[in-house]
Every structure is written in C-alpha cells, then in structure tokens.
Amino acid sequence: MAKKKQRQQTAATPATLAAARAGVEFTTHSYEHDPAAPSYGAEAAEALGLPPEQVFKTLVAQVDGALTVAVVPVSSSLDLKALASAAGGKRAAMADPAGVERTTGYVLGGVSPLGQRKRLPTILDSSALDHTAVCVSAGRRGLEIELAPGDLAALTGAVTAPIARTGGT
C-alpha cells in the first residue's frame, strides 16, 4: 500500500480532516458501495484488492455500560471478553446501532475510529502492528483511509490488545 500523503479530491469527512489536521501521512481509497453487500468490511477489502487482514472494521460495544470502540480486521470477529478485559471492564456487548450513529456522527458501515463526534475509548487489535499500513473507514460507506497503525493508535488514543477472533466478517 502506498504511503504518500493525499489531500482529498473527494469531499472531506471528519475522519480525513482529523488525519490531515494531525499531519499524518494517509491515502484515501474510494469504491462504489453495493447496498446489497453482506459485509461492509469484506466488500471494502475485495473492492480495493487488499488482504482482509489489512482492512479493519470499526465496531462499537458497551463495556460495563460505557461505549467503547473496537477496531479489528475484517477477516476476524470481535472477542467481547477480550475487549472487556482490554478496556479494564468485566462485561461487553455490542452497542445499540442508533446510539452508535448518534454518538459517533457516522452511519453504520461508515463508522470511522477517527473524527468521531464524541471521542470514545478505543481498542485496536494488536494484529494491526503486523502491517506497515492499515485501512479503516474514512467516515462513509465506500471510502477508506490508509495510514500507519501507529498513527491510527495515536490519533484515537487507542490501546492495542488481542481482541480479534479468527473467522467472521
């Protein structure tokens, strides 16, 4: 994946603006989103021709009642017990979709860990560190932002921990 800085030729999103303001190197990738796609993340990986281990999905869960962002590869599923532990909690469950949209400012399938309306605690799966660059949603369906995992962690204040389980999309 290329590591050049790209200013948006497409409409900027809060995610791309956050990365630009921070001065990190990133590239955006767009593709035609298919509303019938069964998995937003798998669709992104396939459309961009990238390994699914390098494209990460943004999930929001409640850990002991507090919204928490989990960023895991699209080739994996979220291990809720591991997320709870990494966040210093006891119990985790997926958050209500309407609450996720309201709190983050993004629609499902376009939730980015960057530029959220309200900054939430974020846990980045440690497998991200195996790559020089990863892709996450850039804030809308059909738009991904590629950046170094260290920059992603720094911009979100993320803790890295093994929170992904192999399999699932």
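Within segment 53-68, is there a residue that is more than 17 Å from A138 (Cα to Cα), modelled with pLDDT of 95 or more, of a type outside the set (D, E) and surrounded by fewer than 17 Cβ atoms within 10 Å (Cβ to Cβ)?
Yes, some residue in segment 53-68 is more than 17 Å from A138 (Cα to Cα), modelled with pLDDT of 95 or more, of a type outside the set (D, E) and surrounded by fewer than 17 Cβ atoms within 10 Å (Cβ to Cβ).
Of G109, G49, which residue is at pLDDT below 95 and touching a Phe, Trp or Tyr at 6+ places or on another chain (Cβ under 8 Å)?
G109
Filter segment 140-169 for residues that are outside any helix (DSSP H, G or I) and either more than 21 Å from E43 (Cβ to Cβ) or of a type in the set (G, A, S) (or both) and give the result.
Once the filter is applied, which keeps residues that are outside any helix (DSSP H, G or I) and either more than 21 Å from E43 (Cβ to Cβ) or of a type in the set (G, A, S) (or both), segment 140-169 yields G142, A148, G157, A158, V159, T160, A161, P162, I163, A164, G167, G168.
Exactly one condition in (1) among the hydrophobic types (A, V, I, L, M, F, W, C); (2) open to solvent by 30 Å² or more (accessible area, probe 1.4 Å); (3) without any contact (Cβ under 8 Å) to a residue 60 or more places away in the chain is not met by V111; state its number.
(2)
With respect to the numbered conditions (1) touching a residue at least 40 places away in the same chain (Cβ under 8 Å); (2) open to solvent by 40 Å² or more (accessible area, probe 1.4 Å); (3) over 23 Å from D151 (Cβ atoms); (4) in a strand (DSSP E or B), which one is the sole condition not fulfilled by P38?
Among (1) touching a residue at least 40 places away in the same chain (Cβ under 8 Å); (2) open to solvent by 40 Å² or more (accessible area, probe 1.4 Å); (3) over 23 Å from D151 (Cβ atoms); (4) in a strand (DSSP E or B), the lone unmet condition for P38 is (4).
Mind listing just one residue for me: the one in segment 74-112 that is under 14 Å from the mean Cα position of the chain (by Cα) and of a type in the set (A, V, I, L, M, F, W, C) and, of those, farthest from R141 (Cα to Cα)?
Per the criteria, the residue is L78.
The values are calculated or read from the model by the stated rules, or taken from the named source; none is laboratory data. These figures come from a predicted structure and were not determined experimentally. Methodologically, a virtual Cβ is constructed for each residue, glycine included, from the backbone with ideal geometry; neighbour enumeration extends over all protein chains shown. Please note that ligands, DNA and RNA were not included when accessible areas were found on the heavy atoms of the full protein model with its side chains. Shrake-Rupley method; radii C 1.70, N 1.55, O 1.52, S 1.80 Å.
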